[in-house]
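Take a look at the structure below.
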Amino acid sequence: MILQERFQKALRMKGFAVFLMALCCCLSGTQGDHDNQKACCPSDTCSLMKELISIAEKLGSMGEKLGTMGDNLRLMETRLQTSENEVEELKRLTGGRPQVAFSATLWETGDAPGNTGPFTTPIPLQYKKVFSNTGSSYNPATGIFTATVKGMYYFHFTMMNNLNTPPNSVVCLTKNGQRLVSVWDTVGTDAHDSGSNAVVIPLEVGDNVCVELQANRLVHDDIMNYNTFSGFLLFPMCKHPSPLAQPWPGPGCRAHPLHTLSAPGMTPPEAPPPSTTPPPGQDTLKGKVRGVRERKHPMTRAQENRM
C-alpha cells in the first residue's frame, strides 16, 4: 500500500513536469512567431522552463521525504503501542507494585576452578552466573546493582577464602563507593573457611551497590558456588520517611508512578478522629448557658424546700 501511494505520487509529479514542459514549448512557439521565428527558444522562456522543471523535481523529492517520514512515524507509533502494552502487562502481573530481586554467583559454568585476584586496587567482583534478575537492576558484566526504585533493600553476600595457609581474603559490600560491611579471613591454619554478611539499607534511584575484593586479596570458587551476591527490594519508600507525616500516599510518592502504591503488608494510616475542640466563641456561649443553668439550680432547690 505504501509503495503504491509513492508510485502514484511520482506519476502525478511527472505529469505535472510534462505539463510544464508542454506549456513552455507553447510559449516558446508563440514567442517565435512574434519574433519572425528568429529563435526557436528565447532565453527568457528557456530559463523559466528550467526553473519550473527544477521546482517540480524538488517537489517530487519533498514528496518522497514526506512519505519516508510518514513511514517512520507509523513505525514509532507501533513501537509506542507495543511498549504501552508491555507496561500494562507488567502491571497486571506484579499487581502494580515494583518487583526487584537478583541472585548471582562468581563462578561461571565452564570456568576453571581457582582464585580471583589479587589486584593492586579494590575492584567490584563480577558475579557472572545469574540465578535471577527480576527488574534487571543487577549488571553481571560489572557486578554492580543499580537501584531503579527508591526504597528499602536487603543485600547478602558470601565469601570463600583462597584455600591457602594463612588465608588472604577480604571482601566488602559498598554503596556508592562507601564501605558498609565486610567479611575477613586473613589469620589461621584452616584453609577451607567461608563467611557471609548482610545489610538492610535505603537506596535512592541511581544508587550503586556492589561487593569489592580488596587490594592484594583473593577468593576461591569452583562448581560449588561459594561466592554469591543477592538482594531484593523490601518495600518502596515515599519522599517522607514516615507515612504519618502526611495523608497516604502523599505528594512525595508521586515522583515515581510505582511509588504511589503501598508496599506489601503496609496499610494507609487511619484518619484522625474529629476534633472535639469547639470553634472560637462557641465555648464562651456554652459557658454562658451553663452559668445560667447553674444559677437556676439553687433557686429550684429552695423552692422545693419551701414546698
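The values are calculated or read from the model by the stated rules, or taken from the named source; none is laboratory data. These numbers come from a predicted model, not from an experiment. Methodologically, a virtual Cβ is constructed for each residue, glycine included, from the backbone with ideal geometry; neighbour enumeration extends over all protein chains shown. The area values use the complete protein model at the heavy-atom level, side chains included, leaving out ligands, DNA and RNA. Shrake-Rupley method; radii C 1.70, N 1.55, O 1.52, S 1.80 Å.
Descriptive notes on the structure:
- Scanning segment 183-213 for residues that are open to solvent by 20 Å² or more (accessible area, probe 1.4 Å) and assigned to a loop (DSSP other than H, G, I, E, B) gives Thr186, Val187, Gly188, Thr189, Asp190, His192, Asp193, Glu204, Val205, Gly206, Asp207.
- Within segment 97-143, being more than 23 Å from Gln214 (Cβ to Cβ), open to solvent by less than 50 Å² (accessible area, probe 1.4 Å) and in a loop (DSSP other than H, G, I, E, B) holds for Pro98, Val100, Gly135, Ser137.
- Residue match in segment 114-125 (condition: within 20 Å of Leu203 (Cα to Cα) and not charged (D, E, K, R)): yes
- Within segment 155-182, tally of residues that are of a type outside the set (S, T, N, Q), open to solvent by 10 Å² or more (accessible area, probe 1.4 Å) and over 20 Å from the mean Cα position of the chain (by Cα): 8
- Annotation: Thr146 fulfils all but one of (1) open to solvent by less than 30 Å² (accessible area, probe 1.4 Å); (2) at pLDDT 85 or above; the unmet one is (1).
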